[in-house]
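Input: a single structure, listed below in structure tokens.
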Amino acid sequence: MKVANLGTYLPKQCGIATFSNDLRCSLLVNNVDVDIIAISDHSYQYDYADEVIFNIRQNQAEDYVQAADTINKMEDIKALIIQHEYGIFGGNSGNYVLDFVNKLNKPFIVITHTVLAHPLPEQKAVLNQLCSKAAKVVAMTLNAKELLADVYAVKADIIKIIGHGVPYFAPLSSLELKAKYGFTDNEIISTFGLIGPGKGLELGIRAMAELVKFYPNAKFLILGQTHPMLKKAEGEKYREMLVRLSAELGLERNVIFVNKFLSDEELGEYLYLTDVYLSPYPNLDQAVSGTLTFAIGCGRAIVSTAYLYAKEVLQDERGLLAHEAKPELLAQLINSILADDELKNRLEANALSLGETWSWPNIGSKYANLLTNIC
């Protein structure tokens, strides 16, 4: 069976592009071939791989209609996957995607990456109309499923819960990795992802100011580069603000910026040398976090603010939650893990037991079954 996937795609550096690639690879091992319809920003030229059969320029409405026409004529493509994230499609609240599906004559599933609890009217309308035409809608959490039904009026019987999916990270020795990276005598707290406002990195840095009173050798690794769209619009203004904040708090030696887009291999190494993974989103309505999913998949001891996704996936002692987005609370929770090896080991084991069910081959099998059913 062959399907097509609509979304951003590598080498674009964003979470949806990585997800699209990982999903394609996991479907291939489950005997589903996948062509790619890539969404690209008008100001970037990407050197796409051969599986990309059509490139939609984000803000060109005619491209969406032309892409649908092209897919309609391809008899071997039996169904489509649409990755939905408001920011990747052109138009008001990404409404150009509706031009695509209104022209499409093949069944499709929608994978919802952001399900807002309090959407703007146009955001609500776009997702409602998109899902009303879908054969199935994928939510990544129970909370997202409930929001889709209650807020966006999506029929409950077409919603399927499938977890985010994580690469397989071969277990590695924390001690050996700390020695490799020069962190032998350090407690390591880390967070990763494309850097930009809304990630709560200021909270993490301020939490470190409290933590170093007890662990002066602790390091906070901020792993990842500035989001390319933010960098194009503002340069490195946000990162520079974080660097200044670290200096003002006397944390130049404690806060380390690893300014690069990490491969899965590099990310696995950094996660396995991490003592506590920090997910400090200040927006408590955050419905999904791919980075937190990766930390769970790697079996890390996790401290997080109590945003929607974290509250759901970190229950049953899979992590510790700060119920207010305050640095002193985050510092207290990190301290409790560093001071208690038994607690740390228990959190890691509980996280890993869930994370193992999210490996991409398992997730790919679920999507393969879903696609087979709608065809």
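Do we have any residue at all in segment 63-79 that's closer than 28 Å to LEU284 by Cα and without any contact (Cβ under 8 Å) to a residue 60 or more places away in the chain? Scanning segment 63-79, I find no residue that is closer than 28 Å to LEU284 by Cα and without any contact (Cβ under 8 Å) to a residue 60 or more places away in the chain, so the answer is no.
Could you tell me whether segment 185-207 includes any residue that is without any contact (Cβ under 8 Å) to a residue 12 or more places away in the chain and either in the same structural domain as LEU330 (by TED's automatic domain parsing) or among the β-branched types (Val, Ile, Thr) (or both)? Scanning segment 185-207, I find no residue that is without any contact (Cβ under 8 Å) to a residue 12 or more places away in the chain and either in the same structural domain as LEU330 (by TED's automatic domain parsing) or among the β-branched types (Val, Ile, Thr) (or both), so the answer is no. Filtering segment 15-33 to residues that are without any contact (Cβ under 8 Å) to a residue 40 or more places away in the chain and touching an Asp or Glu at 6+ places or on another chain (Cβ under 9 Å) leaves ARG24, ASP33.
Count of segment 5-56 residues, restricted to those that are in contact with a His (Cβ under 8 Å, 6 or more places away or on another chain) and within 22 Å of ALA134 (Cβ to Cβ), is 3. With respect to being under 25 Å from ILE374 (Cβ atoms), modelled with pLDDT under 95 and polar (S, T, N, Q), THR70 falls outside the description.
Would you check which residues across segment 12-56 are assigned to a strand (DSSP E or B), more than 23 Å from the chain's Cα centre (by Cα) and not hydrophobic (A, V, I, L, M, F, W, C) and list them? Hit for segment 12-56 is ASP33, nothing else. Looking at segment 230-249, can you tell me whether even one residue there is touching a residue at least 60 places away in the same chain (Cβ under 8 Å), closer than 25 Å to CYS14 by Cβ and not hydroxyl-bearing (Ser, Thr, Tyr)? Yes: segment 230-249 contains one or more residues that are touching a residue at least 60 places away in the same chain (Cβ under 8 Å), closer than 25 Å to CYS14 by Cβ and not hydroxyl-bearing (Ser, Thr, Tyr).
Test of understanding: among TYR281, TYR277, TYR272, which residue is more than 22 Å from ARG206 (Cα to Cα), crowded, with 17+ Cβ neighbours inside 10 Å and out of contact with any His (no Cβ under 9 Å at 6 or more places or on another chain)?
On the way: TYR281 fails: more than 22 Å from ARG206 (Cα to Cα); TYR277 fails: more than 22 Å from ARG206 (Cα to Cα).
When all the criteria are applied, what remains is TYR272.
Please indicate, with yes or no, whether at least one residue in segment 38-51 is surrounded by 21 or more Cβ atoms within 10 Å (Cβ to Cβ) and not hydroxyl-bearing (Ser, Thr, Tyr). Step through it out loud before you land on a result.
First pass over segment 38-51, keeping only residues surrounded by 21 or more Cβ atoms within 10 Å (Cβ to Cβ): 38-39.
Applying the additional criterion that residues be not hydroxyl-bearing (Ser, Thr, Tyr) yields 38-39.
Yes.
Selection of segment 254-266 for residues being touching a Lys or Arg at 6+ places or on another chain (Cβ under 8 Å) and either of a type in the set (Lys, Arg) or closer than 14 Å to LEU203 by Cα (or both) yields only VAL255.
Among the residues making up segment 232-266, a single one is under 19 Å from the mean Cα position of the chain (by Cα) and either closer than 25 Å to SER336 by Cβ or of a type in the set (Lys, Arg) (or both): LYS260. Taking segment 289-362 and the helices (runs of 4 or more DSSP H) fully enclosed by it, the elements with 2 or more residues that are closer than 30 Å to ASN31 by Cα are at 290-297, 341-355.
The values are calculated or read from the model by the stated rules, or taken from the named source; none is laboratory data. Values in this document were obtained by computation on a predicted structure and should not be read as measured data. Positions of Cβ are generated from backbone atoms using ideal geometry, with glycine treated the same way; all protein chains shown enter the neighbour counts.
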